[in-house]
Amino acid sequence: MKISLFGYGVTTKAIVKRFAPNCFIYDDKFEENSQDEFGNKLLTCNEYDFNASDVDIPSPGFPPNHKLIKKARHLTSEYDFFDMPASVWISGTNGKTTTTQMLKHLLASRGAIEGGNIGNPLANLDKNAPLWILETSSFTLHYTNRAAPDIYLLLPIRPDHISWHGSFEEYERAKLKPLLMMKEGSVAVVPSEYAGFKSNAMLIGYENSLDLSQKMGVDISKIIIKEPFLLDALLALSAAKILFDEIDIEKINNFKIDKHKLEEFYDKRGRLWVNDTKGTNVDATIEALKRYKDKKIFIVLGGDDKGVDLTRFFEFIKTYDVEIFAIGSNAEKIMNFSKNIGKIAHYCKTLDVAVHKMDKLMDENSVGLLSPAAASLDQFSSYIERGELFISLVKALN
């Protein structure tokens, strides 16, 4: 089998290694044709020949308007390409990674493994494992047309990646796509607005964490995890109950939240700072603000907002005691929105400037929050680099 791969990222590199030397890899970054260490061909996009391969697999995130996508005749996703064992797919806008990790934590003793958008490509997963738990992005779902999960955990869908999908409706359509392909006997746990969606799966709708806990028979008072991670925990517990009829509150309470998600720390003067660099969209940042609603909040906003309209966010913060420090490629946009609602905002452009301005204004009763409501790639290599810089800048303050 000859395989064409679009983009040379984590997913395609795993496929390349497994199926060498039968791969043709195309990437805009390639300036000339060459070979990789496994004998696969690295080709410029101008060299693409749709007759040269049996299947075309894009990297997740490879945009649908790219010329290679438009030319491809055998387009598929890695989800369609690989045969899966029993699987749980986890999607939605915020909380996918945490829910995936929580479910793996609950089911590791049963041999479950995690993969997908969480950083473990399907090409590297053990096909003999009894259960795959897959964090599933809208990018992957856009290109998936045959594969379907046995259980689908869908977190709330909020505007995100609009510039990639073209509209919220297309983004939402991608997230709901698995429901169209699921078989009888499968189960999907979905926000209540989708509980009437036409699907062969049994749909369990939920309004919020309390509603889901009641439907699944979980004593929510015994869970020590707080929102916004509480819903993630309840979805993971729901999948464990559906699969094995077990609810292990003690085990979920032992789960440790990843760094860079509402990560609290204190500076030398005892002031609270919060690294929520993974707050890369409006709704994630709204949830962060809710946690500190009783404090004066100094917040760093800005980056690549992915084409999302920020109006709803600025309507939300009208009632909050918030002072804004704008960075990144949409800093001017943030300044204009702030002015329109009468909020104090500082044009900082870069994170170091923002932190030093916050340092001069904060006291022990306030909180310094990095929750940008935007992606990081306009200024950083990743959200992790952004978060680690934030922490180091704060710890260097006198």
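Considering GLY61, GLY116, the condition of being surrounded by 21 or more Cβ atoms within 10 Å (Cβ to Cβ) and not hydroxyl-bearing (Ser, Thr, Tyr) is satisfied by GLY116 alone.
Here LYS13, LYS29, LYS41 are screened, and the one residue that is outside the structural domain of ASN117 (by TED's automatic domain parsing) and closer than 22 Å to GLY115 by Cβ is LYS13. Exactly one residue among SER213, SER163, SER221 is assigned by TED's automatic domain parsing to the domain that holds THR100, part of a helix (DSSP H, G or I) and at pLDDT below 95, and that residue is SER163. Scanning the range 142-154 turns up no residue that is touching a Gly at 6+ places or on another chain (Cβ under 9 Å) and part of a helix (DSSP H, G or I).
(1) over 23 Å from ILE157 (Cα atoms); (2) surrounded by fewer than 18 Cβ atoms within 10 Å (Cβ to Cβ); (3) at pLDDT 95 or above: which one isn't true of PHE316, the others all being true? Just one mismatch for PHE316, condition (1). The residues on offer are TYR292, TYR320, and the sole one that is under 16 Å from ARG271 (Cα atoms) and in contact (Cβ under 8 Å) with a residue 12 or more places away in the chain is TYR292. Among the residues of the range 353-387 satisfying the criterion of being touching a Leu at 6+ places or on another chain (Cβ under 6 Å) and not in a loop (DSSP other than H, G, I, E, B), which is nearest to GLY302 (Cα to Cα)? Checking each candidate, the answer is VAL355. Evaluate the following for SER199: is it touching an Asp or Glu at 6+ places or on another chain (Cβ under 7 Å), surrounded by 15 or more Cβ atoms within 10 Å (Cβ to Cβ), among the hydroxyl-bearing types (Ser, Thr, Tyr) and within 18 Å of ILE242 (Cβ to Cβ)? No.
The residue that is modelled with the lowest pLDDT, among those in the range 257-268 that are among the charged types (D, E, K, R) and in contact with a helix residue (DSSP H, G or I) (Cβ under 9 Å, 6 or more places away or on another chain), is ASP258. Taking helices (runs of 4 or more DSSP H) as the structural unit, those lying wholly within the range 249-328 and holding at least 2 residues that are closer than 30 Å to TYR171 by Cα correspond to 282-291, 311-316.
Going through the range 351-386 one residue at a time, which ones are β-branched (Val, Ile, Thr) and either under 14 Å from TYR292 (Cβ atoms) or in contact with a helix residue (DSSP H, G or I) (Cβ under 7 Å, 6 or more places away or on another chain) (or both)?
Once the filter is applied, which keeps residues that are β-branched (Val, Ile, Thr) and either under 14 Å from TYR292 (Cβ atoms) or in contact with a helix residue (DSSP H, G or I) (Cβ under 7 Å, 6 or more places away or on another chain) (or both), the range 351-386 yields VAL355, VAL367.
The values are calculated or read from the model by the stated rules, or taken from the named source; none is laboratory data. Just so it is clear, the structure is predicted and the values come from calculations on it, not from any experiment. With ideal geometry, Cβ positions are generated from the backbone for all residues, glycine too; neighbour counts draw on all protein chains shown.
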